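Asks: Here's a structure for you.
Only the coordinates and a few stated rules stand behind these numbers; no lab work does. Keep in mind that what you see is a predicted model, and the values were worked out from it rather than measured. With ideal geometry, Cβ positions are generated from the backbone for all residues, glycine too; neighbour counts draw on all protein chains shown.
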Amino acid sequence: MSNEVIQPTTTALAIASSAENVGAIVRNTPESFRKNQLSHDNCLRACENLLVQIKDNGMTDELDKTAATYLERTRRTVKAMTELRSPVTKLFDQVRKEFTTLENDIDPTKAGTVPYQLQQLRNMYAAKKRAEEEAKRRAEEAKRQADMAREQYRNACEDDYRQKFNDLIVTRINGLTDLNSSVNLDNYKAVYDTVAGYAVELPADWCPPSSVRMPFNLTADESRNIRGDVMRRLIGQFAEQYRSEIGDYRQEILDKLPSKKSELERAAKASEEEAKRIAEEIKKRDAAELARKEAERVAREQEEAKKKEVQKAGAEAASLFDLSQATAQTYQPKTKVTKKIRILNPNGYMQVLMMWWAKEGSRMTDEELAKIFKKQISFCEKVANKDGEFINDGSVVYVDDVKAQ
């Protein structure tokens with residue numbers, strides 16, 4: 001600012017160049033003020049005397065005529081006083097105008113000024129940058145949500161397939177258990193052969209339908225591909241686990257069937273009470289074996305669930321880190337964002353008035369409301385005086401305002 005050359009305006013030059021005129025005005029100011037002061041005092045004194053007479057005697061025709069004459073003289077006095085002080089106040093107004101014009105010309109808040117144009121360009125640029133940043137944030141958030149949906153859907157499908165596989169294992173183990181529990185001396189060979197021929201390989205066509213609901217922000221093809229990827233990744237593990245669990249359990253049964261046959265033969269030769277005891281022991285042993293297998297399966301599922309939770313927590317943390325990295329902002333102008341109302345149709349003004357009345361207007365005094373609604377009240381008074389149309393409501397009354405001419 002210190003290097004700028006400030007050019008004097010036309011009015012400023014006129015003021016500076018008319019030093020004699022200014023000097024004359026300044027010299028005459030005390031005398032003009034003295035005369036106006038004297039007129040002021042005389043006028044008030046005369047008015048006070050009239051007021052005393054009216055208060056003492058009441059208003060009469062003579063006093064009314066005297067008051068009218070006084071008021072007319074007062075108007076002429078005011079006019080004369082105005083003419084006396086006008087050169088001084090006009091000079092002051094002109095000087096003030098020059099200063100305020102200089103200030104307003106560089107005020108960024110005044111429409112039409114050069115700084116205002118610059119401020120508007122900054123406002124538009126800030127709005128553009130904010131819109132771009134918001135669009136970028138929404139796109140990144142949508143991508144993050146889609147990535148999270150894919151990961152959650154992948155995990156849900158994996159859990160679903162694991163549950164269905166575990167159900168299959170339980171069904172197959174229960175089938176072997178039922179065969180083992182059903183053995184007796186009459187069907188021993190048939191049961192043994194059935195157990196020995198029990199398939200220990202996962203069926204090649206085993207691919208149960210998924211019961212997981214597809215995410216709304218993934219396409220059907222994308223969801224199908226995710227399910228396929230999950231199944232291809234798990235099928236080898238399932239096949240190995242199936243072979244291990246079913247094969248081991250089948251072998252356990254085959255290894256114990258001969259001794260079980262011996263117990264059955266012994267029970268057949270024993271007394272009824274002893275045979276009952278042997279049968280009870282066999283039943284308890286089979287139940288204990290089934291419980292052990294179930295406990296092992298549950299423990300295995302819990303271990304897998306813990307691993308999944310750890311993986312899930314790691315994936316969520318990575319997702320949040322990626323989001324924080326993505327939302328690292330580049331340069332953004334310093335902005336202040338406020339809401340501005342744009343009325344789309346005349347009914348909008350009533351909505352604004354209703355909110356204002358509910359939040360503020362209903363709590364204001366009559367004097368405050370009269371100032372705010374002065375223009376509207378004046379309009380309604382004009383309609384009443386000109387057209388004879390009145391507001392018909394108990395909260396509004398019309399009174400006569402009488403003025404002497």
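Asks: Placing +1 on the Cβ of each Lys and Arg and -1 on the Cβ of each Asp and Glu in region 133-247, which of ALA196, ALA220, ALA239 has its Cα farthest towards the positive end of the resulting dipole?
Replies: It is ALA220.
Asks: Kindly count the pairs of lysines across region 10-105 whose alpha carbons are less than 19 Å apart, treating pairs on different chains or eight or more residues apart as eligible.
Replies: Step by step, the pairs that qualify in region 10-105 add up to 4.
Asks: Among ALA126, THR89, LEU71, flag the residue with its Cα farthest along the positive direction of the charge dipole of region 15-130, charges on Cβ as +1 for Lys/Arg and -1 for Asp/Glu.
Replies: Checking the options against the dipole of region 15-130, the answer is ALA126.
Asks: About the Cα centre, and with charges only on the beta carbon of Lys, Arg (+1) and Asp, Glu (-1), how big is the dipole of region 127-324? Nearest 20 debye, please. Provide the component values of the computation, followed by the final result.
Replies: On the way: 39 positive and 41 negative charges, 131 e Å.
The dipole of region 127-324 has a size of about 620 debye.
Asks: Now for a separate question. Report the residue, chosen from ASN392, ASN217, ASN184, that carries the largest GNM mean-square fluctuation when the chain is represented by alpha-carbon nodes joined by springs under 10 Å.
Replies: Judging by the Gaussian network model, the answer is ASN392.
Asks: With springs connecting C-alpha atoms under 10 Å apart, model the chain as a Gaussian network and identify which of THR335, THR60, THR109 has the largest mean-square fluctuation.
Replies: THR60
Asks: If you place +1 on the Cβ of every Lys and Arg and -1 on the Cβ of every Asp and Glu, how big does the dipole about the Cα centre of the chain come out, in debye to the nearest 20? Can you show the working numbers first?
Replies: Working: 68 positive and 67 negative charges, 278 e Å.
Value, rounded to 20: 1340 debye.
Asks: Suppose R0 equals 35 Å. What FRET efficiency, 1/(1 + (r/R0)^6) with r the Cβ-Cβ distance, do THR89 and ARG45 give to the nearest 0.05?
Replies: Plugging the Cβ-Cβ distance into 1/(1 + (r/R0)^6) gives 0.85.
Asks: Mind checking which of ILE246, ILE343, ILE169 has the largest fluctuation in a GNM of the chain, springs on alpha carbons under 10 Å?
Replies: ILE343
Asks: Cross-link partners among lysines for LYS128, C-alpha distance below 18 Å, same-chain residues fewer than 8 apart left out?
Replies: Here the lysines satisfying the reach criterion relative to LYS128 are LYS136, LYS334, LYS336, LYS339, LYS340.
Asks: Jot down the radius of gyration and Dmax of region 10-105, Cα atoms only, both in angstrom.
Replies: Computed over the Cα atoms of region 10-105, radius of gyration and Dmax are 20.1, 61 Å.
Asks: With an 8 Å Cα cut-off and a minimum separation of 6 or more residues, compute the relative contact order for region 127-324 in percent.
Replies: 31
Asks: Mean residue ellipticity at 222 nm from the helices of the chain, using -39,500 (n - 2.57) per DSSP H segment of n ≥ 4 over the full residue count, to the nearest 500 deg cm²/dmol?
Replies: Per the formula, -27500 deg cm²/dmol.
Asks: How high is the relative contact order of the chain? Use alpha-carbon pairs under 8 Å, at least six apart in sequence, and give a whole percent. Intermediate results must be reported in sequence, preceding the final value.
Replies: Numbers: 160 pairs, mean separation 60.3, N = 405.
Relative contact order here is 15 percent.
Asks: Something else: On alpha-carbon atoms, Rg over Rh for the chain using Kirkwood Rh? Working shown, then result.
Replies: Working: Rg = 50.9 Å, Rh = 35.3 Å.
Computed over Cα atoms, the ratio is 1.44.
Asks: Could you tally up the Lys pairs in region 243-307 with alpha carbons closer than 25 Å? Skip any pair fewer than 8 positions apart unless they're on separate chains.
Replies: Total qualifying Lys-Lys pairs in region 243-307 comes to 22.
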